[in-house]
1. Of the numbered conditions (1) within 30 Å of B:TYR77 (Cα to Cα); (2) within 11 Å of chain A (Cβ to nearest Cβ), B:LEU397 satisfies every one except a single condition; which is it?
2. Take the residues in the range A:6-42 that are more than 14 Å from every other protein chain (Cβ to nearest Cβ) and among the acidic types (Asp, Glu), then tell me which one is farthest from A:GLU62 (Cα to Cα).
3. State all residues of the range B:348-394 that are in contact (Cβ under 8 Å) with a residue 24 or more places away in the chain, within 14 Å of chain A (Cβ to nearest Cβ) and among the acidic types (Asp, Glu); if no residue qualifies, say none.
4. Among B:TYR77, B:TYR89, B:TYR61, B:TYR18, which is the only one that is modelled with pLDDT under 85 and surrounded by 12 or more Cβ atoms within 10 Å (Cβ to Cβ)?
5. Looking at the range B:363-391, which of its residues are within 29 Å of B:PRO85 (Cβ to Cβ), modelled with pLDDT of 90 or more and among the hydrophobic types (A, V, I, L, M, F, W, C)?
6. Determine whether B:PRO151 is over 24 Å from B:ALA46 (Cβ atoms), surrounded by fewer than 19 Cβ atoms within 10 Å (Cβ to Cβ) and out of contact with any Gly (no Cβ under 6 Å at 6 or more places or on another chain).
7. Report whether or not B:LEU464 is outside any loop (DSSP other than H, G, I, E, B) and farther than 24 Å from A:LYS133 by Cβ.
8. Is the range A:43-61 home to any residue that is within 14 Å of another protein chain (Cβ to nearest Cβ) and part of a loop (DSSP other than H, G, I, E, B)?
Amino acid sequence: MANRRIDEATNTETVGHEWDGIEELNTPLPRWWLWTFYGCIAFAIGYSVAYPAWPMLTRGTEGTLGWTSRGQLDKDLKAQAAERAQTVAALAQVPIEKLPEDPELMRAAVAGGAAAFKVNCVQCHGAGAAGSKGFPNLNDDDWLWGGDLKTIEVTLTHGIRQPGDKQTRTSAMPAFGKDGILTPPQVQDVASYVLTLSGKEKASAAAQRGAGLFQANCAICHGPDGKGLRQFGAPNLGDAIWLYGGTRDDVVAQVTNPKHGVMPAWGGKLSPVTIKMLAAYVHSLGGGEQAPQPAAPAAAPAPGATATPTTTATPVATPPTAQQ
Amino acid sequence: MNNPEKIIPVEDQPLSLYAKREPVFNRRIDGKFRRLKWAIMIVCLAVYWITPWIRWDRGPYAPNQAVLIDLAHRRFYMFGIEIWPQEFYFVAGLLIMAGIGLFLVTSAVGRAWCGYACPQTVWTDLFQHIDRLIDGDRNARFRLYKAPWGPAKIARRLLKWSIYLAISFATGGAWIFYFADAPTLQHEFWTGTAAPVAYATTFVLTMTTFVLGGFMREQVCIYMCPWPRIQTAMLDEKSLLVTYKDWRGEPRGSLKKAEKNPGQFGDCIDCNQCVAVCPTGIDIREGPQIGCITCALCIDACDRVMKETGRPRGLIDYATLEDSEREKAGEPPTRHLKLIWRPRTILYFCVWGGIGLALLFMLGTRVHTDLTVAKDRNPPYILMSDGSVRNAYTLRLRNMEGRPRVMEVSIEGLPGAVMWSEDTGRDNAARTLRRTVAADETQSMRAYVVVPAGTPSQEFRFRLQSLDEQRETDTTEAKIDTPGGE
């Protein structure tokens, strides 16, 4: 094997191996390459001393510089927080009603809210905040509990139908069909009437019968004209937006055995500033409303007093339904 | 194969793949090509060092530096031209022109770029003059090179390298002024408040200039640069080369020999002056070679010797391969000017000029407004409580003029549609929206387009118009989605 010799043609030593008559020249490495290689080795030794490198039995070597990726992330996060501190402090200071007066702060709040939305809200409301059946679309101009900044903030803080939160948004529609308040034909009549409100069905004898039933059973929350009442989170039945679907079957199902959506009370989970930013973001999606004027109709409750106890919301009502 | 007679005899020294560099100590020479080289060197260096300091008034909204590559704001200013990132094809066009320009020059006058204008040549030339200034001419430098290291040699070397370093620093330092306002950056640079990248760039370019110009020199041309290899493929029998006219010079012999044996020797007196002045250290008499950058200093040297010995000039001269054959056969060579006019050079020139004219045309006719539209896809549409349907779009209004402009966005097509934005509010929805776009900026805005219930999904257009005397417009296609489907 070790048959090193000088190759005549090139005057270079061979490596001494032969494969079927093919031999290899022991050509020296180019110097620049060799020195780069040595340089890399030196660097690697220095690096593995200074930085975490070698796996040991229980944990790796730590490196003399004490660098960790976790520590690096922590440092980056702290730096980010420090960068935002001023904006966050300003947001904490300003009451949400006054936020639109500072467009720059508003923009910052919307941007921050968009980020927080992606973490906390998209699970139900969707990435585009368009919701789905049973989960409201936040882009449109239809609001169950109100769409001005302050009201949205209250809804976010206290959630919807959250037991244990005294100010939570809550109401319960009676299960008219299931509990026997209305007979199935009566439920059909009410559905006929409700569907005429938005022009989905034409006036009919059934609808006429339903009108009377509606005034007796439904108008207290949904209003005599079916326009809804935000105080109770009672939806407007005369518009094009249906949270639980707008077909006859959907309406009949809802009157028979209604569904009640819930939302966490984010006040216990997120900081007030984050909630403020979320409210600003949701308000900015294209459906946000102006805060009600002080001289607004009495029907609109003052923003601070929107928390309506269930007892007043369902005076006429009927056995409390299991909350969903 | 194993015929012992065919075995190449083993030489005493083992053959090595490594060739140690032979340092070049080129002699001072004067002549018409040397003077041309001086002129081009001064022009090149002056252009490089002065350009960033030229001021150019663009009004209050734009920088007043004539040539500025503003990476932070993504603008490229060149005198009256301002290029935005999306117009980078102008820069690409200029680079293509530079490339074809090199082809043109190469096919017309050979490796003139290498010989005169290439930065490597210019700075090497400059550094070789520093060598001459500090250490003396060829022989003195050779002696110093051979001399053992002692205080005198160390002092000289340190002085020379300091000057190298100073020139390198001026070279590397000047580069950064192309990327920021030069006077401001200079002040920041010396007070230590400039961006770290400015110092890093200066350091890197100082060191590359120091090493490439001070030490590597002709090795860059011979081993590192791809351009000579490309040129090898581009040169043809009609390209001008620096040619030693061997049919006239050979056999070479000293003056004494020639006097003793008249008629037996050629014009070359074997004085080696052509080798002595060569900045890349080659012997041109060996024929065309990759080490020859056609700087023509050997022509200057040989012409002087021919003059002193009373022989006609041009033993070494610019000549084409074709003319060499003609001259060998005793025919007169083609005039050099005539060489330039041939199909290849004309074709290159036409392509080069065509691209230039096209760029100028595009520059002259480009519109200084632009509208881009990005539709929200999640959700594709939003049903409103009154049954109407809303789509959201992000519009980008671009104002490429150096002054603020009022612009109007309007909906084209889409009957019954209105739009609004955060600043106008839902209640003021209309067919048009107006915005003032700041000078030289792109403004992003959200537009909510609302169509009546029952409108089918369809295409329409946004139209942007500047409300000034120019009335520039730009129209962009968009689509509206509704639950009504197609």
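1. In the conditions (1) within 30 Å of B:TYR77 (Cα to Cα); (2) within 11 Å of chain A (Cβ to nearest Cβ), B:LEU397 misses (2) alone.
2. Step by step, filter the range A:6-42, then rank; the result is A:ASP20.
3. Within the range B:348-394, B:ASP386 is the sole residue that qualifies.
4. Being modelled with pLDDT under 85 and surrounded by 12 or more Cβ atoms within 10 Å (Cβ to Cβ) holds for just one of B:TYR77, B:TYR89, B:TYR61, B:TYR18, which is B:TYR61.
5. Within the range B:363-391, B:LEU371, B:VAL373, B:ALA374 qualify.
6. Considered against the rule, which asks whether it is over 24 Å from B:ALA46 (Cβ atoms), surrounded by fewer than 19 Cβ atoms within 10 Å (Cβ to Cβ) and out of contact with any Gly (no Cβ under 6 Å at 6 or more places or on another chain), B:PRO151 comes out as yes.
7. The answer is yes for B:LEU464.
8. Checked against the condition, which is being within 14 Å of another protein chain (Cβ to nearest Cβ) and part of a loop (DSSP other than H, G, I, E, B), the range A:43-61 yields no hits at all.
The values are calculated or read from the model by the stated rules, or taken from the named source; none is laboratory data. Owing to the predicted nature of the structure, the values given are computational and were not obtained by experimental measurement. FYI the Cβ positions are ideal-geometry reconstructions off the backbone, even for glycines, and counts take in every protein chain you see.
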